[in-house]
Amino acid sequence: MRQSSALDILKTGQNVFLTGSAGSGKTYTLNQYIDYLRARRVPVAVTASTGIAATHMNGTTIHSWSGIGIKDELSDRDLTTLSRKQFLADRLKDTAVLVIDEISMLHAKQLNLVSQVLKHVRKNDKAFGGIQVVVAGDFFQLPPIGSKGETNREKFAFMSEAWLDAKFHICYLSEQHRQVSEAANGGLDLDDILNQIRRQEVTFESIAALEATFDQNVDIKRTRLYTHNLNVNSINDKELAALEGEMMRFTATSTGDSKLVETLKKTVRTQDDLVLKVGAKVMFIKNNTELGVSNGTMGELIGFAAVKINDDSKDSSDDLIADDDDSAESETDKNVKGKSKKAIKEKPKAKKPTTQKMPVVRLNSGREVVAEPEEWIIEDETGDVLASYEQVPLCLAWAITIHKSQGMTLEAAEIDLSRTFELGQGYVALSRLKSLAGLQLLGMNDMSLQLDPLARGADKRFLVLSEEADANYSMLDEESMTQAHEKFILKSGGTLSKSVIDAYATLQKKRREQQQAQIDKKQKLGNQVSDKSDSTLLATRLLLEESLSIAEISQARQLSQSTIMRHIADLKSQDPSLACDHLRPEDEVMTAVGNVYVAIKVANNPNDFNDDGSIKLRPIFDHLKQSIDYNAIRLALIFITP
C-alpha cells in the first residue's frame, strides 16, 4: 500500500495498524496524519511503547499517558482510583485519536490494560473506549520483554483481546525509503534480500551475496553490530584504551523510585559512568532538534568545551566558551562533575556562574556540535515526575548490540551474526543498512536469517488484509472519500475552517524555520571550537616566547600541562625554529627516549603506531616508565620527531 492510500484510510477514523518493512516510512506517515489532525484541532495523543521510541514522535510513553505505569494488571479498585484522578480522566475523555508507535515492543497484557482503562474512564464498552486507535510497528523486530518462561504468543500485542476487539484496518506500506537500489549496477538489492527473509524464502544467491561482503572494505566510520554485550563492551573498551590522552568522566544523576530508575536505565543506551577521550567514536542516543541530531547519529569526539551554567532562563548555547582542554579538570569542574545542570542552577548562594566541560562531537557529516546532558523521565498520570535519569546523551560506538540498533539507519556496518541466539536478530541488523555496499558481514549461523513463525504467519495475514483494504477504499470516489474524512473531523470535535487550517500551516512553517535557525546557531557555536584553535595556539606561543616553563604556561592559561605540550607539538610541527629550546629535556632523557623511539621504528609492530604513522606514547612509556615519567617522554618526543 502507498503512503497516500494509508493516509486516506487513517482520515476516515477507522482503527488502523500501520506496518511495513524497515524504511517503508511508517513514522513519516504517522507524522503526516498527526499534523493533519492538529491542523483541524482534533485532540490527538501521541505515544510509543518505550521512552526512546517516544522521542522520535515528540510524544510520551503509553504507560504514562494511560496511567497504567509498569503494572501488568488492574483491579477494580485500581480502575476506580485512576478514574478519580481528574487530570488523567480529563485527558482520556478529551482524546479523540490515540497513536501508539513501536507497537511490536508493547506487551499484549499492557495493550489490554490501555483498552481497559479507556473503557472504564470514558464509560464506553467499545474497544479503547470508542476512540480511534492507530498503532504502528513491525512484528519482525525483536519482541517485547516479558516474564521468564513467557512465549512470544503470550507477548505479541496482536494476540491480545484488545487487538481483536479493535478490528484494525491493516495498512501495509510497500514503498521503500531507506534501502538504496543496487539492481541498476547489476548487483543484488538489499531490499530484495530483506523481503526474502520476511517471506522466509532466502535464495542461495542472496546468501552468497551476504557472505561475499566478508571481504568488502566498508567506510572507516562504520558501526559494528554484535549479538552479545560481551563482544560490544570488549571492543569499545579496547578501542578507548588505545587512545592517548587522559579520560573525562561524566557521572549520571537520577531521582525518584529506584525500580523506575532501573527501568529508565534499561531503555537508555549509555552508562552511569561515561568515560570519554578525544578520538572516541560516539553515538547520540536521543533526538535533539536544536542540535540537528537524532538517536543513532554518529561522530567522533574532538575535544571538550566549557559550557557556562548560569540560570534556567538563558539558553546555555549562548554561554559556550571555546576550550580544547582534553585532559585536566579545574577545581570548579571537579566540584560540578556528575551533577545535573538543574541542581547546579538551583544553588541559592551561587553568585558566580560555574562551568562544565562537555564533549564536542564532529558528526560524520562534518558538522560539529556540543553534547550537553539530557534527561529521561517517567511521569505519572498528572504529569508529576516519578523518576528521572540525566546523563550526557552519548555512548561509545565502535560497537553496539543489535538490540540497541533498532530504529537506526546506518550508512555502513560491520555485523557479526555467528552467535545469533534470538529469532529476528539477523533481520533487524541487516535492515539498519541502506545498501549492501555498506555491509561487512563477518559470519552467520543457522538462526541468523530465521524469523519467529508466529510473527511470520501474522505478517502473511496482514499482507492479505492490507490488499483487501486497499482494494475496498480504492472503489470510493473522491467525493465520498472527502465526505468520510470531514465526517470524522466533525465527529471528533475538530474544525473544517480553512482559516484555522492555514494558520496552523503558517505556524508549522515558522516553527521549522526557528528549528533550522537553532541548528545553524548550534553549528556555528560548535565550529567556533575549532575556529579558535589558531588563536589558542597563538596564546600559548606568546607565553612560550617569554621562556616560561610548561607549568607556568599551564597556570597562566588555566589549561592542563598535557594540553600545553600538545600545543607546543603542533606549533613545533608548523615552525621547526620555534623558540622552545629552554624546554628541551636533559641529554640523558633525550638519549633514552631516542633509543626506544628508533627501536620501535625498526621493530615496525603495527600496534605501536597511530593511523597517521606516528608512534604511540604507550609503548615508549612501557619501556621507560621506571626511569622517566610520561610528561618528560612526551616533551622529548617534541624535539625528536620531525
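The values are calculated or read from the model by the stated rules, or taken from the named source; none is laboratory data. On a predicted model such as this, the values are computed, not experimentally measured, just so you know. Neighbour counts are summed over all protein chains in view; Cβ atoms, including those assigned to glycine, are modelled from backbone coordinates with ideal geometry. The accessibility values were calculated without ligands, DNA or RNA, using every heavy atom of the protein model including side chains. Shrake-Rupley method; radii C 1.70, N 1.55, O 1.52, S 1.80 Å.
Could you tell me whether any residue of the stretch 556-579 is over 41 Å from the mean Cα position of the chain (by Cα), at pLDDT 80 or above and closer than 22 Å to Ile615 by Cβ?
So the first thing to find is which residues in the stretch 556-579 are over 41 Å from the mean Cα position of the chain (by Cα), and the list is 575-579.
Among the residues that remain, those that are also at pLDDT 80 or above are: 578.
Filter once more, keeping what is closer than 22 Å to Ile615 by Cβ: 578.
Yes, the stretch 556-579 has at least one match.
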Which members of the stretch 155-178 meet the condition of being modelled with pLDDT of 90 or more, out of contact with any strand residue (DSSP E or B) (no Cβ under 7 Å at 6 or more places or on another chain) and either assigned to a strand (DSSP E or B) or farther than 13 Å from Leu106 by Cβ (or both)? Glu161, Leu164, Asp165, Lys167
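Tell me, which residue of the stretch 147-167 that is of a type in the set (Lys, Arg) and either crowded, with 22+ Cβ neighbours inside 10 Å or in contact (Cβ under 8 Å) with a residue 12 or more places away in the chain (or both) is farthest from Tyr427 (Cα to Cα)?
Here is the first cut: in the stretch 147-167, the ones of a type in the set (Lys, Arg) are 148, 153, 155, 167.
Subsequent filtering for residues that are either crowded, with 22+ Cβ neighbours inside 10 Å or in contact (Cβ under 8 Å) with a residue 12 or more places away in the chain (or both) retains 153, 155, 167.
On the way: Arg153: 20, Lys155: 20, Lys167: 28 Å.
My answer is Lys167.
For the stretch 377-408: of the residues being β-branched (Val, Ile, Thr) and modelled with pLDDT of 75 or more, which is most open to solvent (accessible area, probe 1.4 Å)? Please lay out each step first, then the result.
Taking the stretch 377-408 and keeping what is β-branched (Val, Ile, Thr), we get 377-378, 382, 385, 392, 400-402.
Subsequent filtering for residues that are modelled with pLDDT of 75 or more retains 377, 392, 400-402.
Values: Ile377: 72, Val392: 3, Ile400: 8, Thr401: 9, Ile402: 1 Å².
The residue in question is Ile377.
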Within the stretch 200-223, tally of residues that are modelled with pLDDT of 90 or more, in contact with a helix residue (DSSP H, G or I) (Cβ under 8 Å, 6 or more places away or on another chain) and open to solvent by 40 Å² or more (accessible area, probe 1.4 Å): 3
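Could you tell me which of the residues Ser24, Ser5 is open to solvent by 20 Å² or more (accessible area, probe 1.4 Å) and touching a residue at least 60 places away in the same chain (Cβ under 8 Å)? Write out each step before concluding.
On the way: Ser24 fails: open to solvent by 20 Å² or more (accessible area, probe 1.4 Å).
Just a single option satisfies the conditions, and that option is Ser5.
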Report yes if some residue within the stretch 265-284 is over 18 Å from Ala371 (Cα atoms), surrounded by fewer than 20 Cβ atoms within 10 Å (Cβ to Cβ) and at pLDDT 70 or above; otherwise report no. yes
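Residue-wise test of (1) open to solvent by less than 60 Å² (accessible area, probe 1.4 Å); (2) modelled with pLDDT under 75; (3) among the β-branched types (Val, Ile, Thr).
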residue	(1), (2), (3)
Ala551	yes, yes, no
Glu586	no, no, no
Asn595	no, no, no
Ile615	yes, no, yes
Ile620	yes, no, yes
Please work out if Lys357 is touching a Phe, Trp or Tyr at 6+ places or on another chain (Cβ under 9 Å), outside any strand (DSSP E or B), closer than 28 Å to Asn236 by Cα and at pLDDT 70 or above. no
For the stretch 135-146, does any single residue satisfy the condition of being at pLDDT 95 or above and crowded, with 22+ Cβ neighbours inside 10 Å? yes
Among (1) open to solvent by 50 Å² or more (accessible area, probe 1.4 Å); (2) over 26 Å from the mean Cα position of the chain (by Cα); (3) at negative phi; (4) free of Cβ contacts under 8 Å to residues at least 60 places away in the same chain, where does Arg91 come up short? (4)
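Would you point out which residue out of Val114, Val46 is closer than 24 Å to Glu154 by Cα, open to solvent by less than 20 Å² (accessible area, probe 1.4 Å) and modelled with pLDDT of 85 or more? Steps first, please.
Values: Val46 fails: closer than 24 Å to Glu154 by Cα.
On inspection, the qualifying residue turns out to be Val114.
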Quick check on the stretch 504-514. Is at least one of its residues more than 27 Å from Asp191 (Cα to Cα) and among the acidic types (Asp, Glu)? yes
I'd like the residue in the stretch 409-456 that is of a type in the set (Ser, Thr, Tyr) and at pLDDT below 90 and, out of all such residues, is surrounded by the most Cβ atoms within 10 Å (Cβ to Cβ). Ser431
Please pick out the residue among Thr506, Thr482, Thr495 that is loosely packed, with under 13 Cβ neighbours inside 10 Å and modelled with pLDDT of 80 or more. Thr506
